[in-house]
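Okay, so here's the structure we're looking at.
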Amino acid sequence: MPVERLLTRNWGKPDSRSLKSYEQGGGYQALKKALAMGPQLVVDEVKRSNLRGRGGAGFATGLKWTFLPKDNPKPRYLCVNGDESEPGTFKDRACLENDPHAVLEGIAITCFAIGAHIAYVYLRGEFMEQARILQKAIDEAYASGWLGKKVAGSDFALEVHVHRGAGAYICGEETALIVSLEGKKGWPRLKPPFPAVVGLFGCPTIVNNVETMASVPLIIERGGEWYAKLGTEKSGGTKLISVSGAVQKPGVYEITMATTFREIVYDVCGGMVGGRKLKAVIPGGSSCPVLSADEIDVPAEFEALKKVNSMAGSGGVIVMDESTCMVRALWRIARFYAEESCGQCTPCREGTPWMARILRRIEEGRAAAEDLAQLKSVANAVCPFPPMGLGNTICPLGDAAALPVHSFLEKFRPEFEAHVQAHRCPYPHPWGECAEAFA
Ligand SMILES: Cc1cc2nc3c(=O)[nH]c(=O)nc-3n(C[C@H](O)[C@H](O)[C@H](O)COP(=O)(O)O)c2cc1C
């Protein structure tokens with residue numbers, strides 16, 4: 001359900017992007033508090049908060065910070081992940097647009113806690129406006145002493161740099177992000193070693209999402225225990241979701257971890273457009289296994305979604321109504337992953353376009369019954385499911401492509417069969433016969 005606005009507390013205030021407005025609302029006081037606490041207590045507080053990364057994997061933030069080797073004399077880096085390219089996800093850009101100083105304060109506290117003196121914010125290439133907004137906030141923070149050689153008058157020095165990628169989804173994957181920042185082709189690499197041990201320029205590096213960073217000042221301001229209590233047993237705090245599709249009020253919302261998808265659709269987002277019937281919900285961005293209409297009483301939280309074989313992902317909720325053709329929807333998703341595969345691993349390079357080609361055949365009425373079995377078999381070769389997490393590729397982009405295929409086939413198989421049997425798509429296409437096919 002909607003909550004006391006925490007992450008979004010400054011959104012909508014006049015001039016909410018400015019340092020003046022942020023300071024008037026108590027901004028940067030958490031940084032001062034953190035500097036007085038010392039790094040170890042800050043890490044402990046974040047561990048206590050049960051904050052889990054908001055970039056997709058939901059890994060415990062405080063725990064990740066402790067993976068930095070204690071005896072490595074090399075510099076440490078923080079990379080903030082603002083690549084945000086997962087279809088359906090558009091909440092990090094909203095953080096940057098509405099409250100860039102909250103993200104910066106989180107970055108400063110995190111760097112202090114982990115002993116980093118340089119942070120890079122990696123933004124998706126298309127985020128020109130967000131990069132401009134963030135750079136302005138950085139300039140203001142330097143001018144006021146919140147960044148620079150003596151952060152808030154202390155001995156702690158911090159530089160923050162904005163880096164725009166070139167518009168590749170793969171560069172949101174943390175190891176690809178790191179090599180891209182180093183000026184190389186954004187190809188993921190095998191883990192271990194994890195970035196905390198061998199990261200940017202071969203140095204220990206923490207990669208955290210933009211929203212994760214914006215959550216950190218709240219934890220320091222009000223305490224880890226308070227933050228943990230806002231959430232469920234294993235996931236602290238509130239979180240942002242971006243809702244798109246067939247709802248009355250799509251947008252970015254702050255919710256509690258206990259909020260169910262039924263509440264998101266019917267209360268938070270005002271119900272279905274035109275009073276139409278709900279068919280399906282993708283809970284966390286296009287890579288997350290789809291939920292059917294009778295599964296929407298599950299909370300939008302990591303553990304709860306895992307129990308129904310799906311994922312909270314990056315909070316991108318996509319709502320589909322009865323007029324949605326599930327074959328066409330899946331084909332659209334499959335084309336994205338085929339386009340964005342970096343081509344490094346054979347199952348992903350060959351499997352993603354193969355799945356898209358089969359889906360196109362089904363949608364266009366050119367498929368035979370064996371195509372459904374073949375689709376399943378190709379998806380299995382990329383990433384068997386269930387159980388989750390058995391991918392056959394270096395990074396989870398292959399899983400991201402295969403999981404929707406598995407779940408759509410499992411939950412909406414009669415629709416796929418109807419296409420094959422009728423040799424056509426049974427859904428009307430207002431813009432003419434499969435116009436996208438020729439795109
Ligand atoms: C293909 C792919 C794309 C990803 N894109 C993003 C992204 O745009 N933003 C993000 O924060 N995490 C993304 N991730 C997850 C990151 O690898 C990493 O787990 C995350 O940035 C860690 O931050 P967190 O712990 O704060 O969530 C992506 C992962 C994969 C496999």
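The values are calculated or read from the model by the stated rules, or taken from the named source; none is laboratory data. This one's a predicted model, so the numbers in the text were calculated from it and none came from an experiment. All Cβ positions, even for glycine, are placed from backbone atoms using ideal geometry, and neighbour counts span all protein chains on display.
Name the residues in the stretch 333-345 that are in contact (Cβ under 8 Å) with a residue 60 or more places away in the chain and in a helix (DSSP H, G or I), would you?
Passing the criteria: ILE333, ALA334, PHE336, TYR337, ALA338, GLU340.
Take ILE219 and decide whether it is within 15 Å of the ligand (Cβ to nearest atom) and either of a type outside the set (A, V, I, L, M, F, W, C) or touching a Ser or Thr at 6+ places or on another chain (Cβ under 9 Å) (or both). Please lay out each step first, then the result.
Numbers: within 15 Å of the ligand (Cβ to nearest atom): yes; either of a type outside the set (A, V, I, L, M, F, W, C) or touching a Ser or Thr at 6+ places or on another chain (Cβ under 9 Å) (or both): yes.
Yes; evaluated as a whole, the condition is true for this residue.
Could you check, for the stretch 353-366, whether at least one of its residues is in contact with a Gly (Cβ under 9 Å, 6 or more places away or on another chain) and assigned to a helix (DSSP H, G or I)? Before you say what the answer is, go through the steps one by one.
Of the stretch 353-366, the ones in contact with a Gly (Cβ under 9 Å, 6 or more places away or on another chain) are none.
Taking every residue of the stretch 353-366 in turn, none turns out to be in contact with a Gly (Cβ under 9 Å, 6 or more places away or on another chain) and assigned to a helix (DSSP H, G or I).
Would you please list the contacts, defined by Cβ atoms under 6 Å and residues six or more apart or on different chains, that run from a residue in the stretch 155-172 that is in the same structural domain as ARG93 (by TED's automatic domain parsing) to a residue that is more than 13 Å from the ligand (Cβ to nearest atom) and assigned to a strand (DSSP E or B)?
If the second residue must be more than 13 Å from the ligand (Cβ to nearest atom) and assigned to a strand (DSSP E or B), the pairs left are GLU159/ILE118; VAL160/ALA119.
Scan the stretch 295-316 and give yes if some residue there is outside the structural domain of ARG52 (by TED's automatic domain parsing) and free of Cβ contacts under 8 Å to residues at least 12 places away in the same chain, otherwise no.
Looking through the stretch 295-316, at least one residue is outside the structural domain of ARG52 (by TED's automatic domain parsing) and free of Cβ contacts under 8 Å to residues at least 12 places away in the same chain.
Restricting attention to the stretch 68-78, does a residue exist that is within 15 Å of the ligand (Cβ to nearest atom) and among the acidic types (Asp, Glu)? If you could, list the steps in order and put the result at the bottom.
So the first thing to find is which residues in the stretch 68-78 are within 15 Å of the ligand (Cβ to nearest atom), and the list is 68, 77-78.
In the following step, the residues that additionally are among the acidic types (Asp, Glu) were identified as none.
Within the stretch 68-78, not a single residue is within 15 Å of the ligand (Cβ to nearest atom) and among the acidic types (Asp, Glu).
Does ALA131 fit the bill of being of a type in the set (Gly, Ala, Ser), more than 10 Å from the ligand (Cβ to nearest atom) and either in the same structural domain as ALA60 (by TED's automatic domain parsing) or farther than 19 Å from ASN72 by Cβ (or both)? Don't jump to the end; show me each part of the working.
Details: of a type in the set (Gly, Ala, Ser): yes; more than 10 Å from the ligand (Cβ to nearest atom): yes; either in the same structural domain as ALA60 (by TED's automatic domain parsing) or farther than 19 Å from ASN72 by Cβ (or both): yes.
Taking the combined requirement at face value, the residue satisfies it.
What residue, of ALA113, ALA36, is touching a Pro at 6+ places or on another chain (Cβ under 7 Å) and either charged (D, E, K, R) or outside the structural domain of PRO283 (by TED's automatic domain parsing) (or both)?
Numbers: ALA36 fails: touching a Pro at 6+ places or on another chain (Cβ under 7 Å).
Exactly one of ALA113, ALA36 is touching a Pro at 6+ places or on another chain (Cβ under 7 Å) and either charged (D, E, K, R) or outside the structural domain of PRO283 (by TED's automatic domain parsing) (or both), namely ALA113.
Go through the residues of the stretch 33-47 one by one and say whether even a single one is surrounded by fewer than 23 Cβ atoms within 10 Å (Cβ to Cβ) and within 16 Å of the ligand (Cβ to nearest atom).
Checked against the condition, which is being surrounded by fewer than 23 Cβ atoms within 10 Å (Cβ to Cβ) and within 16 Å of the ligand (Cβ to nearest atom), the stretch 33-47 yields at least one hit.
Would you say GLU97 is in contact (Cβ under 8 Å) with a residue 24 or more places away in the chain, over 13 Å from THR212 (Cα atoms), part of a loop (DSSP other than H, G, I, E, B) and acidic (Asp, Glu)?
No, not satisfied.
One residue is enough: does the stretch 127-149 have a residue meeting the conditions under 23 Å from the mean Cα position of the chain (by Cα) and free of Cβ contacts under 8 Å to residues at least 24 places away in the same chain?
yes
Looking only at the stretch 221-238, decide whether some residue is within 23 Å of GLU86 (Cβ to Cβ) and of a type in the set (A, V, I, L, M, F, W, C).
Looking for residues that are within 23 Å of GLU86 (Cβ to Cβ) and of a type in the set (A, V, I, L, M, F, W, C), one finds none in the stretch 221-238, hence no.
Restricting attention to the stretch 321-338, which residues are within 13 Å of the ligand (Cβ to nearest atom) and over 17 Å from ASP399 (Cβ atoms)?
None - no residue of the stretch 321-338 is within 13 Å of the ligand (Cβ to nearest atom) and over 17 Å from ASP399 (Cβ atoms), so the list stays empty.
Are any of the residues in the stretch 214-227 buried (at least 21 other Cβ atoms within 10 Å of the Cβ), touching a strand residue (DSSP E or B) at 6+ places or on another chain (Cβ under 7 Å) and β-branched (Val, Ile, Thr)?
no
Suppose we keep only residues that are assigned to a loop (DSSP other than H, G, I, E, B) and among the charged types (D, E, K, R) within the stretch 152-173. Which one would you say is nearest to the ligand (Cβ to nearest atom)?
GLU173
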